[in-house]
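**Q** Okay, handing you the structure first.
The values are calculated or read from the model by the stated rules, or taken from the named source; none is laboratory data. Please read these numbers as outputs of a predicted model, since none were measured by experiment. Glycine also receives a Cβ, built like all others from the backbone with ideal geometry; neighbour counts cover every protein chain displayed.
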Amino acid sequence: MKIYSFILGILIPVLGFTACSCSTEIAIEEVLGASTASPVFLSFKAVSSTEVAFEFSAPVKVLSLHFEPALEVASISEGANVSINLKQDLGAEKKLLADILVEDENENTLNVLVPFRGRNNRLPPLLINELRTEHSSSTTKTGKVERIEFVELKTLSAGNLAALRLFIASYSMTEPIFEFPSVEVKSGEYIVVHLRTLETGTVNETGADLGASAGTDASPTGRDFWYPDTTAQLGMTDAVFLLDQDNRVLDSVVLSKTADKWSKEVFADAAKFLAQQGAWLPGNGKAGTIPGPADAVITESTTATRTICRDESITDTNKAADWYITDTSKASPGTKNNTERYKKK
């Protein structure tokens, strides 16, 4: 705040006797009768293809606003919720940066930098369809074979994948492991996110050529994407979920190696979050009940060739009953799930 920066050096010595009972900031507020605290930035979202909105803890006015790449502003509505209307369509394929400087009624200022993507209003409904949690490596006459962890999705209609986010609880509950670029997809497409990159020739298939990528398990008919790391990112006990731009859960699956107890607190937190969203239910199907490990897909029998598969012949119920472990050597990334189920000897 402008006036505070000028008189702060005078007030601190005068108010030093109050240090044992209150902070310097509180003492200054008592003398000046105004808050020294800047407004707090709460959230940001692309409301539509031509509107973005900032939310703050208190009403503010906008001192400056810039976008990169540059965008022409049509109007600004100020307050605790700052709405910015633009003269052009943001475009779902664009990654942008918003730089806004705001000031509250006490002249406290706050500068916020927010990276974001334009609004995608054509995100199709999707299901998580198959997962591999285990990795194996072998050498054949034709070279090394790397069966790496993956998450396969299936589209239920045509649309665009821009800003779709894939989360894995063991990786992070707040940061997606993968955010999809702008990609046009058809209904019934299989999309595989390979969770390591260990081979050469792997590329993200964003266009019409679904055979562009090399690599073990790259599908000539499915759409392949690759996470650019070499370490494991998905475990036999885990939670996987998809979020749209409004943080709605589009689909999820909860995994546990055993039915006994969660191996880490994050998995209990993930199960609670997904239950609250109605995205994962306990075996009895009772909404509001927090699922435990016994309500997860039990993965103790899964291997690099025995994957965790959704039963594509039934309607999604958001329960473990939708899932099974496919038989040995029946993994099917990028294609319809093999229906042969593993039977424990």
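**Q** Within the stretch 246-253, is there a residue that is closer than 30 Å to residue 160 by Cβ, of a type in the set (Gly, Ala, Ser), in contact with a Leu (Cβ under 7 Å, 6 or more places away or on another chain) and crowded, with 22+ Cβ neighbours inside 10 Å?
**A** At the first step, the residues of the stretch 246-253 found to be closer than 30 Å to residue 160 by Cβ are 246-253.
Subset that is of a type in the set (Gly, Ala, Ser): 252.
Applying the additional criterion that residues be in contact with a Leu (Cβ under 7 Å, 6 or more places away or on another chain) yields 252.
Next cut, crowded, with 22+ Cβ neighbours inside 10 Å only: 252.
Yes, the stretch 246-253 contains at least one residue that is closer than 30 Å to residue 160 by Cβ, of a type in the set (Gly, Ala, Ser), in contact with a Leu (Cβ under 7 Å, 6 or more places away or on another chain) and crowded, with 22+ Cβ neighbours inside 10 Å.
**Q** Could you grab the pairs with beta carbons closer than 6 Å, sequence gap of 6+ or different chains, first residue in the stretch 140-156 and assigned to a loop (DSSP other than H, G, I, E, B), second one of a type in the set (A, V, I, L, M, F, W, C)?
**A** 149/195; 149/234
**Q** Given the criterion within 23 Å of residue 175 (Cβ to Cβ), modelled with pLDDT of 95 or more and among the basic types (Lys, Arg), identify the matching residue among 272, 319. Lay out the reasoning, then the answer.
**A** On the way: 319 fails: within 23 Å of residue 175 (Cβ to Cβ).
One residue alone meets the criteria, 272.
**Q** In the stretch 208-255, which residues are within 21 Å of residue 307 (Cα to Cα), out of contact with any Gly (no Cβ under 8 Å at 6 or more places or on another chain), of a type in the set (A, V, I, L, M, F, W, C) and in a loop (DSSP other than H, G, I, E, B)?
**A** 232, 234, 236 - these are the residues of the stretch 208-255 that are within 21 Å of residue 307 (Cα to Cα), out of contact with any Gly (no Cβ under 8 Å at 6 or more places or on another chain), of a type in the set (A, V, I, L, M, F, W, C) and in a loop (DSSP other than H, G, I, E, B).
**Q** Then there is this: Pick from 182, 170, 263: which is farther than 23 Å from residue 123 by Cβ, at pLDDT below 95, not in a strand (DSSP E or B) and not charged (D, E, K, R)? Reasoning before the result, please.
**A** Numbers: 182 fails: farther than 23 Å from residue 123 by Cβ; 170 fails: at pLDDT below 95.
Only one candidate qualifies: 263.
**Q** Of everything in the stretch 95-112 that's in contact with a Pro (Cβ under 9 Å, 6 or more places away or on another chain) and not in a loop (DSSP other than H, G, I, E, B), which residue is surrounded by the most Cβ atoms within 10 Å (Cβ to Cβ)? Reasoning before the result, please.
**A** First, pick out the residues of the stretch 95-112 that are in contact with a Pro (Cβ under 9 Å, 6 or more places away or on another chain): 95-98, 102-105, 108-110.
With not in a loop (DSSP other than H, G, I, E, B) added as a condition, the list becomes 95-98, 102-103, 109-110.
Details: 95: 15, 96: 18, 97: 12, 98: 19, 102: 24, 103: 17, 109: 15, 110: 19.
Looking at the filtered set, the residue picked out is 102.
**Q** Can I ask one more? Sort through 163, 239, 208 and tell me the only one that's crowded, with 21+ Cβ neighbours inside 10 Å, farther than 21 Å from residue 337 by Cα and among the small types (Gly, Ala, Ser). Give the steps one after another, and end with the answer.
**A** On the way: 239 fails: farther than 21 Å from residue 337 by Cα; 208 fails: crowded, with 21+ Cβ neighbours inside 10 Å.
That would be 163, the only listed residue that is crowded, with 21+ Cβ neighbours inside 10 Å, farther than 21 Å from residue 337 by Cα and among the small types (Gly, Ala, Ser).
**Q** So which pairs qualify, if the first residue must be in the stretch 55-71 and touching a residue at least 40 places away in the same chain (Cβ under 8 Å), the second must be surrounded by 12 or more Cβ atoms within 10 Å (Cβ to Cβ) and of a type in the set (Ser, Thr, Tyr), the Cβ gap must be under 8 Å, and the two must be at least 6 apart or on different chains?
**A** 63/109
**Q** In the stretch 291-311, which residue that is of a type in the set (A, V, I, L, M, F, W, C) and farther than 19 Å from residue 274 by Cβ is farthest from the chain's Cα centre (by Cα)? Give the derivation first.
**A** Within the stretch 291-311, the subset of a type in the set (A, V, I, L, M, F, W, C) is 294, 296-298, 304, 308-309.
Now drop any that are not farther than 19 Å from residue 274 by Cβ, which leaves 304, 309.
Numbers: 304: 25, 309: 22 Å.
The residue in question is 304.
A quick yes/no check of all residues on (1) in contact with a helix residue (DSSP H, G or I) (Cβ under 9 Å, 6 or more places away or on another chain); (2) over 15 Å from residue 133 (Cβ atoms); (3) surrounded by 15 or more Cβ atoms within 10 Å (Cβ to Cβ); (4) in contact (Cβ under 8 Å) with a residue 40 or more places away in the chain:
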| residue | (1), (2), (3), (4) |
| --- | --- |
| 289 | yes, yes, no, no |
| 297 | yes, no, yes, yes |
| 300 | no, no, no, yes |
| 313 | no, yes, no, no |
| 318 | yes, yes, yes, yes |
| 328 | no, yes, no, no |
| 332 | no, yes, yes, yes |
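**Q** Residues being of a type in the set (Lys, Arg) and under 25 Å from the mean Cα position of the chain (by Cα): count how many of those fall in the stretch 317-335. Walk me through how you get there before you give the answer.
**A** Step one: list which residues in the stretch 317-335 are of a type in the set (Lys, Arg), which gives 319, 330.
Narrowing further to those that are under 25 Å from the mean Cα position of the chain (by Cα): 319.
Selection size over the stretch 317-335: 1.
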